[in-house]
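The values are calculated or read from the model by the stated rules, or taken from the named source; none is laboratory data. Since the structure is predicted, the reported quantities are computational estimates derived from the model, not experimental observations. Ideal geometry is used to build each Cβ from the backbone, glycine not excepted, and the neighbour counts take in all protein chains shown.
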Amino acid sequence: MSVRPDRYGYEVTGQAAAPIGRITAFVRWAARTPWPVFTLGMLQADIIGALFVLGFLRFGLPSEDRVQLQDLPAFNLAIFLGYLFVAFTVGAYLTLRLLLPVIRWQRRDSLLGGSDPSVTAVARVRALRMPYYRTMISVSNWCLGSIVFIVASWPVASRSAPVVAVATALGATATAIIGYLQSERVLRPVAVAALRGGIPESFKAPGVIQRQVLTWVLSTGVPILAIVLALVASKFEILTAPAARLNTPILLLAIAALVIGLSGTVLVAMSIADPLRQLRWALGEVQRGNYNAHMQIYDASELGLLQAGFNDMVRDLAERQRLRDLFGRYVGEDVARRALERGTELGGQERDVAVLFVDLVGSTQLASTRPASEVVSLLNEFFRVIVDTVNRHGGFVNKFQGDAALAIFGAPIEHPDASGGALAASRELHDELLEVLGQTEFGIGVSAGRAIAGHIGAQARFEYTVIGDPVNEAARLTELAKLEVGHVLASAIAVSGALDAEALCWDVGEIVELRGRSFPTQLARPLNLAAPRQFPSQVQG
């Protein structure tokens, strides 16, 4: 058989290549999961519990009641050691059987990015229940082990059988609780993946109260019960030594209570503090505007519900912010903010406003002589300049009309100098549009006066707009400005309403009559632009 590299990069021989490669790849994958640490944690908790119980029976009791394990017959010791081997093997087998659906689910997700939904649902619940299963297996092994140990040690501990049973039961309780809390923490990455789709309805983890009770049992209940039983055993002469000789066992139990209680309390405190610490971080991120700060759900108790509720809240906030941004892009940030803060209703109110109207010249010919993509790009750049300039001067672009734009100053937000802002924006727009549009001409008209500003339309569909004579006048001035060399015209009323700093930049000129208006309009032009073109007194537009 020839030597060849398999798809995992390992050179193996003949038919053994694929199986060895798969096993190697699986081992490498499993080493990156929490399961090896979980397995070692199971073994560690049982070993520590066993050493504690044996140490207490051998050294913690008064000398006359100590279990002399060194005098145990070899056959009895072999029976007990054989049970330990069988119990460990059976426990490992049951754990592996329980883990198989979980491992298959994790493996498929890591390799294929998904698996059968029915298999996934079973595996998720199985993964979340592994700390519970691990505790039940450990308690079962300890219960059977205590019986085997009492029978095996009967020749040297017949009088101490009740003490052995109680010590073993208390050791099993402490081992089970510590093992459960430790397993929950070790398997947190698995829980995160299992809870990614939400908390299963069929599963409920111990909550904060239950965990605190477990800690109390571990740190207070077990040691005090052991002390009480020791005193009762001495009183009823189950123990040979009098109560006065129990100082050393009681001292050892108190030390064990301190150590085990501290360990259990730290584990429980961390299981509560970790999600709270993560919640504090996520809240800080949301306050800074980061709506992608989701919490990892690794607990199915009320802490997990808190994490899931926070994620739902942030998701709703992100969606609301997205809609608000989208709303603001369509109607303007000021209008959107006002609508969200004060609500919307049909109708309007009279306001002193300034209106700026911008329109391109020959857009129809432009669309027929240039590619559509080029026209769209030109219009986008045209409107970008308008929006940026109007925003800088405190106005907002109310609407786009084909190749024209209507900007309003003084509504919906008050403006300290609406006319001055519109006039300054028109002068700046002239210079910027010349650079952007090149040979394409345009017209800019500015007017000011009283108008109705509010929501116009039907209850199911309306928009914020301004209606009144200043809007019409600005549109007519824009048509007239297209014939101007400077492309910018304003009404004298707008100039008179501006502060001196802006009004001095304009030159008031002739009076004309604009189409659709019953009153004449006195024109004004920026001082830095070319001399005006002569118009007849009657302008039809």
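Does Ala257 count as within 21 Å of the chain's Cα centre (by Cα) and of a type in the set (A, V, I, L, M, F, W, C)? Spelling it out, it is not the case that Ala257 is within 21 Å of the chain's Cα centre (by Cα) and of a type in the set (A, V, I, L, M, F, W, C).
Is it fair to say Val508 is assigned to a strand (DSSP E or B), in the same structural domain as Val397 (by TED's automatic domain parsing) and either touching a helix residue (DSSP H, G or I) at 6+ places or on another chain (Cβ under 9 Å) or at pLDDT below 90 (or both)? Yes, satisfied. Candidates are the residues of segment 88-112 that are aliphatic (A, V, I, L, M) and at pLDDT 85 or above; the one that is surrounded by the most Cβ atoms within 10 Å (Cβ to Cβ) is Leu94.
Looking at Arg476, Arg450, can you tell me which residue is out of contact with any helix residue (DSSP H, G or I) (no Cβ under 6 Å at 6 or more places or on another chain), loosely packed, with under 15 Cβ neighbours inside 10 Å and at pLDDT 90 or above?
Values: Arg476 fails: loosely packed, with under 15 Cβ neighbours inside 10 Å.
It is Arg450.
Only one of the numbered conditions (1) at pLDDT 90 or above; (2) closer than 20 Å to Ile467 by Cα; (3) polar (S, T, N, Q) is violated by Gln401, and that is (1).
Sort out which residues of segment 46-81 are touching a Gly at 6+ places or on another chain (Cβ under 7 Å) and at pLDDT 80 or above, and write them in order of number.
Initial filter on segment 46-81 (touching a Gly at 6+ places or on another chain (Cβ under 7 Å)): 49, 52-53.
Answer for segment 46-81, where residues must be touching a Gly at 6+ places or on another chain (Cβ under 7 Å) and at pLDDT 80 or above: there is none.
You will find that of Glu381, Glu428, Glu374, the residue that is over 40 Å from the mean Cα position of the chain (by Cα), assigned to a helix (DSSP H, G or I), acidic (Asp, Glu) and at pLDDT 85 or above is Glu428 and no other.
Inside segment 388-411, can you point out the residues that are in a helix (DSSP H, G or I) and either among the acidic types (Asp, Glu) or over 21 Å from Ala494 (Cα atoms) (or both)?
The first filter runs over segment 388-411 and keeps only residues in a helix (DSSP H, G or I), leaving 388-392.
Asp388, the sole residue that qualifies.
Tell me, yes or no, whether segment 179-194 has at least one residue that is assigned to a loop (DSSP other than H, G, I, E, B), under 17 Å from Thr95 (Cβ atoms), in the same structural domain as Leu94 (by TED's automatic domain parsing) and not hydroxyl-bearing (Ser, Thr, Tyr). Lay out the reasoning, then the answer.
Here is the first cut: in segment 179-194, the residues assigned to a loop (DSSP other than H, G, I, E, B) are 187.
Those still in the list that are under 17 Å from Thr95 (Cβ atoms) too: 187.
When the remaining residues are screened for being in the same structural domain as Leu94 (by TED's automatic domain parsing), the result is 187.
Next, from what is left, pick out any that are not hydroxyl-bearing (Ser, Thr, Tyr): 187.
Checked segment 179-194: at least one residue is assigned to a loop (DSSP other than H, G, I, E, B), under 17 Å from Thr95 (Cβ atoms), in the same structural domain as Leu94 (by TED's automatic domain parsing) and not hydroxyl-bearing (Ser, Thr, Tyr).
Can you confirm whether segment 408-417 contains a residue that is under 17 Å from Ala481 (Cβ atoms), touching a residue at least 24 places away in the same chain (Cβ under 8 Å) and under 42 Å from the mean Cα position of the chain (by Cα)? Walk me through how you get there before you give the answer.
The initial filter retains those residues of segment 408-417 that are under 17 Å from Ala481 (Cβ atoms), namely none.
No: segment 408-417 contains no residue that is under 17 Å from Ala481 (Cβ atoms), touching a residue at least 24 places away in the same chain (Cβ under 8 Å) and under 42 Å from the mean Cα position of the chain (by Cα).
Out of the residues in segment 14-36 that are surrounded by 14 or more Cβ atoms within 10 Å (Cβ to Cβ) and at pLDDT 75 or above, which is farthest from Gly179 (Cα to Cα)? The qualifying residue farthest from Gly179 (Cα to Cα) is Ile20.
When you check Leu239 against the structure, is it at pLDDT below 75, crowded, with 16+ Cβ neighbours inside 10 Å, in a helix (DSSP H, G or I) and not basic (Lys, Arg), yes or no?
On the way: at pLDDT below 75: yes; crowded, with 16+ Cβ neighbours inside 10 Å: yes; in a helix (DSSP H, G or I): no; not basic (Lys, Arg): yes.
Considered against the rule, which asks whether it is at pLDDT below 75, crowded, with 16+ Cβ neighbours inside 10 Å, in a helix (DSSP H, G or I) and not basic (Lys, Arg), Leu239 comes out as no.
What do you reckon, is Phe400 touching a Leu at 6+ places or on another chain (Cβ under 9 Å) and surrounded by fewer than 19 Cβ atoms within 10 Å (Cβ to Cβ)? For Phe400, the condition - touching a Leu at 6+ places or on another chain (Cβ under 9 Å) and surrounded by fewer than 19 Cβ atoms within 10 Å (Cβ to Cβ) - is met.
Scan segment 460-480 and give yes if some residue there is part of a helix (DSSP H, G or I), in contact with a strand residue (DSSP E or B) (Cβ under 9 Å, 6 or more places away or on another chain) and among the small types (Gly, Ala, Ser), otherwise no.
yes
Within segment 424-442, being closer than 14 Å to Asp388 by Cα and either aliphatic (A, V, I, L, M) or out of contact with any strand residue (DSSP E or B) (no Cβ under 6 Å at 6 or more places or on another chain) (or both) holds for Ala424, Ala425, Glu428, Leu429, Asp431, Glu432, Leu433, Val436.
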